[in-house]
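J.: Submitted below is the structure of interest, expressed as structure tokens.
The values are calculated or read from the model by the stated rules, or taken from the named source; none is laboratory data. In this text the structure is predicted, and so the values were computed from the model without any measurement. Quick reminder, even Gly has a Cβ in these numbers, built from the backbone with ideal geometry, and neighbours come from all protein chains shown.
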Amino acid sequence: MTVKNIIVGAGISGATVARVLADRGEQALVVDKKPHIGGNCYDYYDRNGICIHKYGTHIFHTDVKPAWDFVSRFTEWHPYMHKVVGLIDGQLVPIPFNLNSMRQVFPEALAARLEDKLIARFGFNKKVPILELRKTDDDDLNFLAEYVYQKVFLFYTMKQWGVKPEELDPAVTGRVPVYVSRDDRYFQNRWQGIPQKGYTAMLEKMLAHRNITVKLDTSWNDIKQECRDCRIFYTGPVDELMDWRFGDLPYRSITLEFREYDREFFQSHSVVNYPENYDFTRIGEYKYFLNDISPRTVVSFEYPSAYRRGVNEPYYPIAGEENAALHEKYLAAAHAEYPDIHFLGRLGDYRYYDMDKAVARTLKLMENL
Ligand code: UDP
């Protein structure tokens, strides 16, 4: 084989590496064991003309200009601002829980008092992780913290991670803080949107270069004999690469149950969270992302579970010292076996990256190679 660079995984990290190499004039072979590119960002148009995110709702949002500029070379953007509501006490209220959510669920006088206290304590437009808010010594703020903890975080997190919020890395629940603001958007990043023709089209364009070859339905094991001297960019799970010799790295998975309805809309927002009820965490309705017009609609119910090899897909690495140490041990073993290997992506780095962080991390890696 003459190709020097082998990229395992055609997701957003793998496609980014391939393109950076190709732009430099280097050949890159991208393999993916799935029958499609895009990894978990993969989307497709269904028979109703609705763009479905096969692995759950994906919204691109970033403050990292190089990442935004890079992906923007391969797509126009549909200017979309993500808003999520959660069913709390029978009402659909903005998530992250904010001053508007408070007005909806509390009597006016209580909401006004809490608002004053939140602003006095934390400042307007500040984001307060729930685990921080729980540390307050003020009775009213304590009441608020307990309410939000119980109604927004506890059961949702138990469903999503199988443990209580305080047993998780604080950065996880910190992604969805209590927001001392009337801004109902899920993200406040400068750049946000959905690729106008979808993520798959964006990544197809990224990979469309004469120096890039893509082989689908092809796993690392299928090609590894051919490329002992290659430089390897590995975006999959490192425990799998090393045949699970030190045991399984844990991941959380999601099973998406897609349902199609013969009506124009199913719900009021693209994503509705169910932090208090049911076994699913949220329902996504896909036509909202690109304003697809159809008399029918498609939604997905998200059921989280532990990842099991061969049964479901790894979606989320689980942060924590023990898992990080196991990941490090695997990395050391992999580097000993493969002298020129680089890990990246949510699975390869075992980091809870958003799409922009995966791109940013890859661009950074390539600066030094
Ligand atoms: N979370 C929660 N209730 C919510 C939304 C989020 O408890 O209504 C917690 C939960 O632990 C979740 C984490 O915040 O895993 C991060 O949420 P995010 O929406 O960022 O997760 P993702 O979209 O990456 O699955």
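J.: Would you mind telling me which numbered condition in (1) modelled with pLDDT under 95; (2) within 16 Å of the ligand (Cβ to nearest atom); (3) among the charged types (D, E, K, R) residue 137 fails?
T.: (2)
J.: So, one more: Taking the condition modelled with pLDDT of 95 or more, in contact with a Pro (Cβ under 9 Å, 6 or more places away or on another chain) and closer than 30 Å to residue 147 by Cα, does residue 280 pass?
T.: Criteria met by residue 280.
J.: Does residue 25 satisfy the condition of being out of contact with any strand residue (DSSP E or B) (no Cβ under 6 Å at 6 or more places or on another chain) and either modelled with pLDDT under 95 or not in a strand (DSSP E or B) (or both)?
T.: yes
J.: For residue 109, which of the numbered conditions (1) over 23 Å from the mean Cα position of the chain (by Cα); (2) under 21 Å from residue 84 (Cβ atoms) fails to hold?
T.: Here residue 109 clears every test but (2).
J.: State which residue pairs qualify: first residue within 16 Å of the ligand (Cβ to nearest atom) and inside segment 279-298, second residue of a type in the set (D, E, K, R) and in a loop (DSSP other than H, G, I, E, B) in any location, beta carbons under 9 Å apart, and separation of 6 or more residues or different chains.
T.: Taking only residues 6 or more apart or on different chains, the pairs are 286/46; 286/292.
J.: Restricting the search to segment 118-142, which residues are surrounded by fewer than 14 Cβ atoms within 10 Å (Cβ to Cβ) and of a type in the set (Phe, Trp, Tyr)?
T.: 124
J.: Another question, then. Considering only segment 4-32, state which residues are surrounded by fewer than 19 Cβ atoms within 10 Å (Cβ to Cβ) and in contact with a Cys (Cβ under 9 Å, 6 or more places away or on another chain).
T.: Once the filter is applied, which keeps residues that are surrounded by fewer than 19 Cβ atoms within 10 Å (Cβ to Cβ) and in contact with a Cys (Cβ under 9 Å, 6 or more places away or on another chain), segment 4-32 yields only 4.
J.: Can you say whether residue 200 is touching a helix residue (DSSP H, G or I) at 6+ places or on another chain (Cβ under 9 Å), among the polar types (S, T, N, Q) and within 20 Å of residue 333 (Cβ to Cβ), as far as the supplied structure shows? Quick ask: steps written out before the conclusion?
T.: On the way: touching a helix residue (DSSP H, G or I) at 6+ places or on another chain (Cβ under 9 Å): yes; among the polar types (S, T, N, Q): yes; within 20 Å of residue 333 (Cβ to Cβ): no.
Judged against the criteria, residue 200 is not a match.
J.: Could you say which residue among 254, 232 is within 25 Å of residue 343 (Cβ to Cβ), assigned to a strand (DSSP E or B), hydrophobic (A, V, I, L, M, F, W, C) and more than 21 Å from the chain's Cα centre (by Cα)?
T.: That would be 232, the only listed residue that is within 25 Å of residue 343 (Cβ to Cβ), assigned to a strand (DSSP E or B), hydrophobic (A, V, I, L, M, F, W, C) and more than 21 Å from the chain's Cα centre (by Cα).
J.: Anything in segment 316-358 that is within 16 Å of the ligand (Cβ to nearest atom), of a type in the set (A, V, I, L, M, F, W, C) and either at pLDDT below 95 or farther than 15 Å from residue 8 by Cβ (or both)? List them, or say none.
T.: Selection gives 318, 319, 355.
J.: Kindly indicate whether any position in segment 51-60 is more than 16 Å from the ligand (Cβ to nearest atom) and either of a type in the set (A, V, I, L, M, F, W, C) or out of contact with any Asp or Glu (no Cβ under 8 Å at 6 or more places or on another chain) (or both).
T.: yes
J.: Here's a follow-up. Return a yes/no flag: does segment 101-112 have any residue that is crowded, with 21+ Cβ neighbours inside 10 Å and either in contact with a strand residue (DSSP E or B) (Cβ under 8 Å, 6 or more places away or on another chain) or closer than 30 Å to residue 224 by Cα (or both).
T.: Scanning segment 101-112, I find at least one residue that is crowded, with 21+ Cβ neighbours inside 10 Å and either in contact with a strand residue (DSSP E or B) (Cβ under 8 Å, 6 or more places away or on another chain) or closer than 30 Å to residue 224 by Cα (or both), so the answer is yes.
J.: Within segment 148-182, how many residues turn out to be closer than 24 Å to residue 60 by Cα, surrounded by 17 or more Cβ atoms within 10 Å (Cβ to Cβ) and either in contact (Cβ under 8 Å) with a residue 40 or more places away in the chain or more than 9 Å from the ligand (Cβ to nearest atom) (or both)?
T.: Counting residues in segment 148-182 that are closer than 24 Å to residue 60 by Cα, surrounded by 17 or more Cβ atoms within 10 Å (Cβ to Cβ) and either in contact (Cβ under 8 Å) with a residue 40 or more places away in the chain or more than 9 Å from the ligand (Cβ to nearest atom) (or both) gives 13.
J.: Return yes or no: is residue 214 of a type in the set (A, V, I, L, M), assigned to a helix (DSSP H, G or I) and either free of Cβ contacts under 8 Å to residues at least 24 places away in the same chain or in contact with a strand residue (DSSP E or B) (Cβ under 8 Å, 6 or more places away or on another chain) (or both)?
T.: Taking the combined requirement at face value, the residue does not satisfy it.
J.: Can you tell me which residues in segment 230-275 are closer than 17 Å to residue 302 by Cα and acidic (Asp, Glu)?
T.: Within segment 230-275, 257, 260 meet the criteria.
J.: Oh, and also: Considering only segment 183-200, state which residues are under 26 Å from residue 305 (Cα atoms) and either within 9 Å of the ligand (Cβ to nearest atom) or of a type in the set (A, V, I, L, M, F, W, C) (or both).
T.: Passing the criteria: 186, 187.
J.: Now for a different question. Please specify each residue of segment 311-325 satisfying the condition of being under 16 Å from residue 346 (Cβ atoms) and among the charged types (D, E, K, R).
T.: 313 - this is the single residue of segment 311-325 that is under 16 Å from residue 346 (Cβ atoms) and among the charged types (D, E, K, R).
J.: Somewhere in segment 260-272, is a residue in contact (Cβ under 8 Å) with a residue 24 or more places away in the chain, in contact with a Phe, Trp or Tyr (Cβ under 6 Å, 6 or more places away or on another chain), closer than 22 Å to residue 83 by Cβ and hydrophobic (A, V, I, L, M, F, W, C)?
T.: No, segment 260-272 contains no residue that is in contact (Cβ under 8 Å) with a residue 24 or more places away in the chain, in contact with a Phe, Trp or Tyr (Cβ under 6 Å, 6 or more places away or on another chain), closer than 22 Å to residue 83 by Cβ and hydrophobic (A, V, I, L, M, F, W, C).
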